[in-house]
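**Q** Dropping the structure in here first, questions after.
The values are calculated or read from the model by the stated rules, or taken from the named source; none is laboratory data. Remember, it's a predicted structure, so these values are computed and weren't measured experimentally. Here the Cβ is made from the backbone with ideal geometry for all residues, glycine too, and neighbour counts use every protein chain on show. Calculation scope for accessible area: heavy atoms of the full protein, side chains included, ligands and nucleic acids excluded. Shrake-Rupley method; radii C 1.70, N 1.55, O 1.52, S 1.80 Å.
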Amino acid sequence: KPMCIKLLSNTSQNDHERIMLEKLMQHTRQKPGQHNIVEYFGHEVRQSSICLKFEFVHSKNSFRKDLENMTDPEIVTYMRELLKALDSLHNKYGITHRDIKPLNFVHHFQTNTFRLVDFGSAVYESHDNGIGLNTAGTRGFKAPELLQPSHGLTTKGFRRQQGIDIWSAGIIMMSLLTGQKDILSQNVDMATVDCNAKHLTEIGN
């Protein structure tokens, strides 16, 4: 059976994703693709690396191609399947992903395949695992809470953190509806601009 292998350096910080995935496995004996969450087959330790093993999911297009070619019914399907994955992750498994972006929602319309992947920034309900807000999110998809971490949102504010995922899903939907790839990162020179401050200003406007 085809698999996807992700190699992580064998450190306590990089081991976090394995812990999150194994907590997910503890909560369910899910069939492949159930709830649109990638199936995880466990891990192996090889010399100085941790090998995470997943089902292989074929993705046909880049997000830029999606913006050019996705039809209205496909946008509806994409968003429905993404929100189904988030609902299960939040309410069935008690996990907040914290890095929702197109690259982390692999999809293939022809086979009706949708999978949420990459749990390296995720947090587990009622468990302060030390993974701070400065490690979460991706430029352009970060919720306001991630743009101003000094306001005190921590892993213990779990219900509030779920909103981080919903915000990012909303940014994806806006991109799909407008055909605009970077809703919150237009003309940003990362070398000279504080992206977080710029995005906060854009949100306020």
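**Q** Among residues belonging to segment 100-120 that are open to solvent by 20 Å² or more (accessible area, probe 1.4 Å) and within 23 Å of residue 42 (Cβ to Cβ), point out the one that is modelled with the lowest pLDDT.
**A** 120
**Q** Now for a different question. Could you tell me which residue of segment 157-195 is modelled with the lowest pLDDT, considering only residues that are open to solvent by less than 80 Å² (accessible area, probe 1.4 Å) and polar (S, T, N, Q)?
**A** Taking the candidates together, the pick is 186.
**Q** Another question about this same structure. Is there a residue being open to solvent by less than 60 Å² (accessible area, probe 1.4 Å), in a loop (DSSP other than H, G, I, E, B) and either modelled with pLDDT under 80 or touching a helix residue (DSSP H, G or I) at 6+ places or on another chain (Cβ under 9 Å) (or both) anywhere in segment 75-90?
**A** So the first thing to find is which residues in segment 75-90 are open to solvent by less than 60 Å² (accessible area, probe 1.4 Å), and the list is 75, 77-79, 81-82, 85-86, 88-90.
Narrowing the set further to residues that are in a loop (DSSP other than H, G, I, E, B) leaves none.
No, the conditions are met nowhere in segment 75-90.
For every residue, the table says whether it meets (1) at pLDDT below 70; (2) of a type outside the set (Gly, Ala, Ser); (3) under 19 Å from residue 136 (Cα atoms); (4) assigned to a helix (DSSP H, G or I).
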{"residue": "4", "(1), (2), (3), (4)": "no, yes, no, no"}
{"residue": "12", "(1), (2), (3), (4)": "yes, no, yes, no"}
{"residue": "19", "(1), (2), (3), (4)": "yes, yes, yes, yes"}
{"residue": "31", "(1), (2), (3), (4)": "yes, yes, no, no"}
{"residue": "43", "(1), (2), (3), (4)": "no, yes, no, no"}
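**Q** From (1) modelled with pLDDT under 85; (2) open to solvent by 70 Å² or more (accessible area, probe 1.4 Å), pick out the condition that doesn't hold for residue 64.
**A** Failed condition: (1).
**Q** Only one of (1) surrounded by fewer than 18 Cβ atoms within 10 Å (Cβ to Cβ); (2) closer than 21 Å to residue 110 by Cβ fails for residue 37. Which number is that?
**A** Result: residue 37 fails condition (1) only.
**Q** Here's another thing I want to ask about it. Count, please, the residues in segment 91-107 that happen to be in contact with a helix residue (DSSP H, G or I) (Cβ under 8 Å, 6 or more places away or on another chain) and part of a helix (DSSP H, G or I).
**A** Of the residues in that region, 2 qualify.
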